[in-house]
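What follows is a set of notes on a single structure, which appears directly below.
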Amino acid sequence: MNPAIAFYSLILLVSLFPAVAAADEETALEKAVSAIFPPPEEASEFEAAYAAAVDAGVPAQILLESKFAYHNQNNDDVELIALLDDFEKVLADFDPSLGKIARTKEEFEGLHSFLLALEARAGGDESVRQHLQDAFWKNPAQAALFAEVVSEIKKEEYFRNLVFDLDMELLDENGETITLRDAMGDQKALLLDFWASWCGICIEKMPELKRMETQLAAHGIVVGAINTEASPKIAKATRVEEKMGDMVWLVEPEHEPLTKPLAYESYPYFLLLDTEGRIRFHGDPDYVDMWAGLQKFDPTIQRPVTDSEEKEES
């Protein structure tokens, strides 16, 4: 090869090194961003991808939006609220070109207002409504997210104001009239398990229910079960077959005085009532909220290990 040509070829090759390096760096950055958007569902995967993104030099604004997306998909309000300080820092220097969730500064402000609403809701602050209105106005693209929180708040208000008449007439497994007050007696509260004979998980968990009755009796909590099929015959047969002993065993009448106002959508479903008929908990018994509700009657109450958890440990 002509020495001159070789020399200039070398110069050209050397001159390309920065461009190639820059392209490689850009590719690495893009890969790091794509690994956190959308964020992985598993915590370990997200943490690893997030750490790699930090090492790759992904801008703070993108990192923050990835955290928002991750905690939001996991419905983790506590972690979302913890992002407020970082949101306020990024807000001052928001760059629309980096936006992944928020395309404009106003949309980013809408997400910030949403976090303020979550904080106000957690603290029982009445400003939650104003913050949500600001969020809707500034970021209508996320209306579905904001509306979900509004629906949850409305639902909480509904149940907070729902009070059951303890003298409401139900049935026992013999078809005799019994009231919620009769079932509760002179104890602190009544915890009811709603069940049906066709609900496999309901029947499967009855041994746990029996153990729960024994445990909570010592704390002044009456545990009972209520069949929702308006059939004393079914209720009586199940009590005998499942060896439920003499625990409170109720049958809801056909007009569904409990089921209709509760409007629950799935089993298992538990209802915790105090001596005034107010709801202290309603929902899936596996939620920690149920045990938090029980502990308000007696702080020494501890959540027991379930059969499924025992199997996992063994």
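Residue check: residue 75 meets all listed conditions (1) within 26 Å of the chain's Cα centre (by Cα); (2) crowded, with 19+ Cβ neighbours inside 10 Å; (3) farther than 23 Å from residue 27 by Cα but one, namely (2). Selection within the range 173-188: residues that are part of a loop (DSSP other than H, G, I, E, B) and among the polar types (S, T, N, Q). The member of this set that is farthest from residue 239 (Cα to Cα) is 187.
For the range 131-188, the set of residues classified as within 26 Å of the chain's Cα centre (by Cα) and acidic (Asp, Glu) consists of 134, 148, 152, 156, 157, listed by residue number.
Take the range 64-92 and flag every residue that is under 12 Å from residue 50 (Cβ atoms) and among the polar types (S, T, N, Q). Hit for the range 64-92 is 66, nothing else.
From the list 170, 191, 166, the one residue that fits, being outside any helix (DSSP H, G or I), in contact (Cβ under 8 Å) with a residue 40 or more places away in the chain, aliphatic (A, V, I, L, M) and farther than 23 Å from residue 296 by Cβ, is 170. All told, residue 94 falls short of being assigned to a helix (DSSP H, G or I) and either surrounded by fewer than 19 Cβ atoms within 10 Å (Cβ to Cβ) or not hydroxyl-bearing (Ser, Thr, Tyr) (or both).
Every test in (1) surrounded by 15 or more Cβ atoms within 10 Å (Cβ to Cβ); (2) closer than 23 Å to residue 285 by Cβ; (3) modelled with pLDDT under 95; (4) not acidic (Asp, Glu) is passed by residue 201 save one, and that test is (1). Take the conditions touching a residue at least 60 places away in the same chain (Cβ under 8 Å) and of a type in the set (D, E, K, R) and apply them to residue 105. Does it pass? No; evaluated as a whole, the condition is false for this residue.
Can you give me the number of residues within the range 218-269 that are part of a helix (DSSP H, G or I), within 19 Å of residue 168 (Cβ to Cβ) and more than 28 Å from the chain's Cα centre (by Cα)? Total meeting the criteria: 2.
One line per residue, one yes/no per condition, for (1) touching a residue at least 24 places away in the same chain (Cβ under 8 Å); (2) more than 15 Å from residue 60 (Cβ to Cβ); (3) surrounded by 12 or more Cβ atoms within 10 Å (Cβ to Cβ); (4) not aliphatic (A, V, I, L, M):
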position: 83; (1), (2), (3), (4): yes, no, yes, no
position: 87; (1), (2), (3), (4): yes, no, yes, yes
position: 131; (1), (2), (3), (4): no, yes, yes, yes
position: 136; (1), (2), (3), (4): yes, yes, yes, yes
position: 150; (1), (2), (3), (4): no, yes, yes, no
position: 155; (1), (2), (3), (4): no, yes, no, yes
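Does residue 238 satisfy being surrounded by 21 or more Cβ atoms within 10 Å (Cβ to Cβ) and among the β-branched types (Val, Ile, Thr)? Spelling it out, residue 238 is indeed surrounded by 21 or more Cβ atoms within 10 Å (Cβ to Cβ) and among the β-branched types (Val, Ile, Thr). Collect the residues in the range 97-111 that are assigned to a loop (DSSP other than H, G, I, E, B) and over 25 Å from the mean Cα position of the chain (by Cα), keeping them in residue-number order. Within the range 97-111, 99, 103, 104 meet the criteria.
The values are calculated or read from the model by the stated rules, or taken from the named source; none is laboratory data. For clarity, every value in this text was computed on a predicted model and none was experimentally measured. When we count neighbours, we look across all protein chains shown, and the Cβ atoms used for this are built from the backbone with ideal geometry, even at glycine.
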